[in-house]
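Asker: Please find one structure pasted underneath; my questions will follow.
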Amino acid sequence: MNPTLLAASFAAGAAYTLTPGPGFVALLGIGAAQGRRAGAGFIFGHLAGDVLWSSLALLAIVGAHAVGPLVFDVLGLACGLYLAWLGAKAVGARRRAVGAPVAIVRRPLLRGMAFGLTNPKGYPVAVATFTALLAGHAADLGWASLPPLLAAACVGFLTGDMVLVWIAGAGSVRRVYQRHEVWIVRAAGLVFLGFAGAALAGAMPGLRRAMSR
């Protein structure tokens, strides 16, 4: 296996994890309210979704001709629409009343797993990230390369997760989040809307071609 290709997959996994999205904002909120341990439980539960979406992305990149692109275009459309809805909600978020209780997540690991598996950022961002970093190694891609590529990506996920847990648990980060919570959520909503536009732009041409046949 080409070491450079494995390094590219590792970098793609780390970059995918560190790209701001719904999971990152949720982690900030949990870390600010409950500390680093709860944040770690959430983000490591979220790993299940990272593996799922990145597996689909690698499958799309390596075997789009064998599988057919329609299923991935449909996934991209669904993710884009859901992300647009989340983004609109976040942009319209209101400041929490002074003294209002902070929501406590009682099972961060399970919440993270559910969040990761339904993360609308997952598929389109995974495809974009892995395509960008693996494009220069197209000649080395094949079905046999999928397991080692996914293993290298998982190491990248874990590395990115540890960085995020450290950031979310830092006292200064928690104080900034609690002070500017509504503006951080609104800014993240704009990011979500950008991801939604990218996902829909990527999915619609293929869906139009499929409908015109």
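A quick yes/no check of all residues on (1) within 16 Å of the chain's Cα centre (by Cα); (2) surrounded by 15 or more Cβ atoms within 10 Å (Cβ to Cβ); (3) over 21 Å from ALA203 (Cβ atoms); (4) modelled with pLDDT of 70 or more:
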{"residue": "VAL105", "(1), (2), (3), (4)": "no, yes, yes, no"}
{"residue": "ARG111", "(1), (2), (3), (4)": "yes, yes, yes, yes"}
{"residue": "VAL127", "(1), (2), (3), (4)": "yes, yes, no, yes"}
{"residue": "TRP143", "(1), (2), (3), (4)": "no, no, yes, yes"}
{"residue": "LEU146", "(1), (2), (3), (4)": "no, yes, yes, yes"}
{"residue": "SER172", "(1), (2), (3), (4)": "no, no, yes, yes"}
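Asker: Taking region 33-48, which residues are at pLDDT below 85, surrounded by fewer than 22 Cβ atoms within 10 Å (Cβ to Cβ) and assigned to a helix (DSSP H, G or I)?
Answerer: From region 33-48, those at pLDDT below 85 are 33-39; that's our starting set.
Checking which are surrounded by fewer than 22 Cβ atoms within 10 Å (Cβ to Cβ) leaves us with 33-37.
Hits for region 33-48 are ALA33, GLN34, ARG36, ARG37.
Asker: Name the single residue, out of those in region 13-32 being at pLDDT below 85 and among the small types (Gly, Ala, Ser), that is farthest from LEU133 (Cα to Cα).
Answerer: Residues of region 13-32 that are at pLDDT below 85, as a first pass: 15-32.
Subsequent filtering for residues that are among the small types (Gly, Ala, Ser) retains 15, 21, 23, 26, 29, 31-32.
Details: ALA15: 10, GLY21: 20, GLY23: 22, ALA26: 27, GLY29: 31, GLY31: 31, ALA32: 33 Å.
Applying the filter and picking the extreme gives ALA32.
The values are calculated or read from the model by the stated rules, or taken from the named source; none is laboratory data. As the structure is a prediction and not an experimental result, all values here were calculated from the model. Neighbour counts are summed over all protein chains in view; Cβ atoms, including those assigned to glycine, are modelled from backbone coordinates with ideal geometry.
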